[in-house]
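Have a look at the structure below before the remarks.
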Amino acid sequence: RIYNLNAYLIRCLMKPALAARPGRPKDVKDTRERCLVAAELRFADQGFQGTTLRDVAAAIGATSATIIHHFGTKERLYGRVLERLVASLDEYVGPTEGCSAEIVCQMFERFLDWSLDHQHYAQLLLRELMENRSRVSRAKRLHLMELVSSYVARVREGQAQGRFRSFDAELFAFYTFGAITHFSAAAPTIQRMVEDARTVERFRATLRESVLTMLGEKP
């Protein structure tokens, strides 16, 4: 029996170590979450077209099969990322009632706060607004339209009450979102160009003045 036990131990020690299973990194409790975080950064930096499932997988030390297992396709992965982007705005929404010029202005200012707190999301949003022309006709859901609609509804409510002057609320919202996301993405460059550490404060003041002027709230 002793001899057999020793022989068994020797055989165990001589066995080659089992290779780590591909697609399952060590010490990862939630591979799906790691995939999403990596995808957010890659899509923000390289855009939808410039990012592959292999890029996302490589960022977490996995294989493309891992991403396919969790999300199926790149389109579905991207859609999940956009859902997370919209969800991250929840705590920045603010009051859900009222349509004064001050309330609308604060809504856009909170969007600015969000874009500065989540710069990779702001960069991704800017890319989505600019680069989705080839995909928008096939999209089953326009995630960002939910966000735009909430702002447009507030402006139109004020217009219906005769508080704001008449203008195209939808295009105004897209225009302002674009200005904010562009500033957030380009803030380091803009700050270097204007040589002023108060760039964000200056933009915030300009944003407020622009929104209030556009609304033209009546007494």
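The values are calculated or read from the model by the stated rules, or taken from the named source; none is laboratory data. Note that the structure is a prediction, hence the values are computed from the model and not measured. Every residue, glycine among them, receives a Cβ derived from its backbone with ideal geometry; neighbour counts consider all protein chains shown. Accessible surface is based on the protein model in full, side chains and every heavy atom, while ligands, DNA and RNA are left aside. Shrake-Rupley method; radii C 1.70, N 1.55, O 1.52, S 1.80 Å.
Among residues of segment 69-105 being farther than 13 Å from Leu147 by Cα and in contact with an Asp or Glu (Cβ under 8 Å, 6 or more places away or on another chain), the one that is modelled with the lowest pLDDT is Cys99. Restricting attention to segment 90-105, the residues being assigned to a loop (DSSP other than H, G, I, E, B) and open to solvent by less than 10 Å² (accessible area, probe 1.4 Å) number 1. May I ask you to list the residues in segment 58-74 that are touching a residue at least 24 places away in the same chain (Cβ under 8 Å) and surrounded by 13 or more Cβ atoms within 10 Å (Cβ to Cβ)? Within segment 58-74, Ile60, Gly61, Ala62, Thr63, Thr66, Ile67, His69, His70, Phe71, Lys74 meet the criteria. Note on segment 39-52: residues that are open to solvent by 30 Å² or more (accessible area, probe 1.4 Å), in contact (Cβ under 8 Å) with a residue 24 or more places away in the chain and within 18 Å of Arg84 (Cβ to Cβ) amount to 2.
Return the residues of segment 166-195 that are β-branched (Val, Ile, Thr) and surrounded by 12 or more Cβ atoms within 10 Å (Cβ to Cβ); say none if nothing qualifies. Residues satisfying the conditions are Thr176, Ile180, Thr181, Ile190.
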